Amino acid sequence: NGLEKINFMNDPSIWPGLFVFFHVWKGLGYGSVVYLAAITGIDQEICEAAQIDGAGILQRIFKIIIPLLKPTIVVLLLLHLGNIIKGDFGMFYNLTGNNALLYDVSDIIDTFVYRSMIQTQNFGMSAAAGLYQSVMGFAIIMVSNTVIRKLQPDYSLF
């Protein structure tokens, strides 16, 4: 109908945006539940008092709700920072499979290790890569927690 067909599996330039979209889509439900639970834990009398004092909805959001959500935001940020070094093997592999044309944009440590393990049967390398990911994730969490503890001691994990 006048539109040119897009061959997704042969065009690597499309995939970075698609990976971001699918990752956000995948985590949207869980994030919504966590933040809605935190919002329902906020004392409604505070919002009602602000409304009686003349605060509009945006003022209540930015002056009451978001500051009260800061501990939840910080804890979730710290927990997600540990996953920066770890890729989402399931998403990357299920979306692109073993398509060699997309290795430049879709290859992460996990998919590389999986392909290497299947092709070379080198299980030592996969164990070393897993250890590397775990140690780096732990280091990122520890450094981030130390920074948060210095800025806001009440918001740190430990």
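Summary of values
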read-out	value
Whichever residue in the range 50-70 is open to solvent by less than 50 Å² (accessible area, probe 1.4 Å) and part of a helix (DSSP H, G or I) and, among such residues, is nearest to Ser156 (Cα to Cα)	Leu69
Qualifying residue in the range 131-149 (condition: open to solvent by 70 Å² or more (accessible area, probe 1.4 Å) and among the basic types (Lys, Arg))	yes
Single condition Ile84 does not satisfy, out of (1) within 30 Å of Gln152 (Cα to Cα); (2) aliphatic (A, V, I, L, M); (3) open to solvent by 60 Å² or more (accessible area, probe 1.4 Å); (4) part of a helix (DSSP H, G or I)	(4)
Output for the range 87-109, where each listed residue is buried (at least 17 other Cβ atoms within 10 Å of the Cβ) and of a type in the set (Ser, Thr, Tyr)	Tyr93, Thr96, Ser106
Pick from the range 1-34, criterion of a type in the set (S, T, N, Q) and more than 29 Å from Asn98 (Cβ to Cβ), ranking: surrounded by the most Cβ atoms within 10 Å (Cβ to Cβ)	Ser32
Flag for Ser13 being modelled with pLDDT under 95 and more than 15 Å from the chain's Cα centre (by Cα)	yes
One residue from Leu77, Leu58, Leu68 being out of contact with any Gly (no Cβ under 8 Å at 6 or more places or on another chain) and modelled with pLDDT under 90	Leu77
Filtered residues of the range 118-143 (kept if in a helix (DSSP H, G or I) and not aliphatic (A, V, I, L, M))	Gln119, Thr120, Phe123, Gly124, Ser126, Gly130, Tyr132, Gln133, Ser134, Gly137, Phe138
Residue in the range 104-117 that is assigned to a loop (DSSP other than H, G, I, E, B), in contact with a helix residue (DSSP H, G or I) (Cβ under 6 Å, 6 or more places away or on another chain) and free of Cβ contacts under 8 Å to residues at least 60 places away in the same chain present	yes
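The values are calculated or read from the model by the stated rules, or taken from the named source; none is laboratory data. Small disclaimer: the values here were computed from a predicted structure and weren't measured. Virtual Cβ from ideal backbone geometry, glycine too; neighbours counted across all protein chains shown. Heads up: the accessible areas ignore ligands, DNA and RNA and are worked out on the full protein's heavy atoms, side chains in. Shrake-Rupley method; radii C 1.70, N 1.55, O 1.52, S 1.80 Å.
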